[in-house]
1. If you go through the range 97-136, how many residues are within 11 Å of the ligand (Cβ to nearest atom), surrounded by fewer than 21 Cβ atoms within 10 Å (Cβ to Cβ) and among the acidic types (Asp, Glu)?
2. So Ala28 ticks every box in (1) aliphatic (A, V, I, L, M); (2) farther than 15 Å from Ser106 by Cβ; (3) more than 14 Å from the chain's Cα centre (by Cα) but one. Which box is left unticked?
3. In the range 13-25, what residues are open to solvent by 20 Å² or more (accessible area, probe 1.4 Å), part of a helix (DSSP H, G or I) and either on the phi > 0 side of the Ramachandran plot or within 12 Å of the ligand (Cβ to nearest atom) (or both)?
4. Quick check on the range 16-26. Is at least one of its residues modelled with pLDDT of 95 or more, touching a helix residue (DSSP H, G or I) at 6+ places or on another chain (Cβ under 7 Å) and of a type outside the set (Val, Ile, Thr)?
5. Can you work out which of the residues in the range 36-74 that are in a strand (DSSP E or B) and β-branched (Val, Ile, Thr) is surrounded by the fewest Cβ atoms within 10 Å (Cβ to Cβ)?
6. Which of the residues that make up the range 75-96 are among the hydroxyl-bearing types (Ser, Thr, Tyr), touching a Leu at 6+ places or on another chain (Cβ under 9 Å) and either within 16 Å of the ligand (Cβ to nearest atom) or open to solvent by 40 Å² or more (accessible area, probe 1.4 Å) (or both)?
7. When you scan the range 97-114, how many residues do you find that are in a loop (DSSP other than H, G, I, E, B) and touching a Leu at 6+ places or on another chain (Cβ under 7 Å)?
8. Find the residue count for the range 109-134, including only residues that are touching a Ser or Thr at 6+ places or on another chain (Cβ under 7 Å) and at negative phi.
Amino acid sequence: MAEKPVIYVLNGPNLNLLGTREPEIYGADTLDDIAGRLEDQAQALGLVVDVRQSNHEGHLVDWLHEAQAMGAKAVLLNAGAFTHTSIALYDSIKAIKTPVIEVHLSNPHTRESFRHKSYVGEAAKGTIAGFGALSYALALDAAAKL
Ligand code: DQA
């Protein structure tokens, strides 16, 4: 049987603390809760998700390269605060052909002005933000249709 298409779901700094981190902004779900639901959703869509988190920018760069090298069909990327600072992530997204969908739980545009700039968004295929954990589910649906 043919192998199922793989979608990388990459999460940046502080997202390991979801569930206890500012729940009034980010919700009560842990990253494991979100990953579990994405795995179920992926199975229903005939896909496989590979969900990862790192607090280190270089890991995200390496995983973006790996996504292309491994033939992933798309990447969902919540780069956390690196979204607003990282030219390295901008360059990585530009450097690979794998489509990258920017994901955020909150809507950065309704928050502090330093969150309004997104290097990730300037390189990504599209952005889904502001729907809490549902942002990931919507992004996976979008990835499935790419
Ligand atoms: C976030 C938004 C970022 O501004 C913030 O730094 C995060 C989380 C989100 O998912 O809403 O760490 O990416």
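1. So the count comes out to 1.
2. Just one mismatch for Ala28, condition (2).
3. Once the filter is applied, which keeps residues that are open to solvent by 20 Å² or more (accessible area, probe 1.4 Å), part of a helix (DSSP H, G or I) and either on the phi > 0 side of the Ramachandran plot or within 12 Å of the ligand (Cβ to nearest atom) (or both), the range 13-25 yields Asn16, Leu17, Ile25.
4. Checking the range 16-26: at least one residue is modelled with pLDDT of 95 or more, touching a helix residue (DSSP H, G or I) at 6+ places or on another chain (Cβ under 7 Å) and of a type outside the set (Val, Ile, Thr).
5. Across the range 36-74, the extreme among qualifying residues is Val48.
6. Thr83, Ser86
7. Total meeting the criteria: 1.
8. Result for the range 109-134: 6.
The values are calculated or read from the model by the stated rules, or taken from the named source; none is laboratory data. What you are looking at is a predicted structure, and each value in this text was computed from that prediction instead of being measured. Note: ideal-geometry Cβ built from the backbone for every residue, glycine included; neighbour counts use all protein chains shown. The protein model used for the area step is the full one, side chains on, heavy atoms only, and it has no ligands, DNA or RNA in it. Shrake-Rupley method; radii C 1.70, N 1.55, O 1.52, S 1.80 Å.
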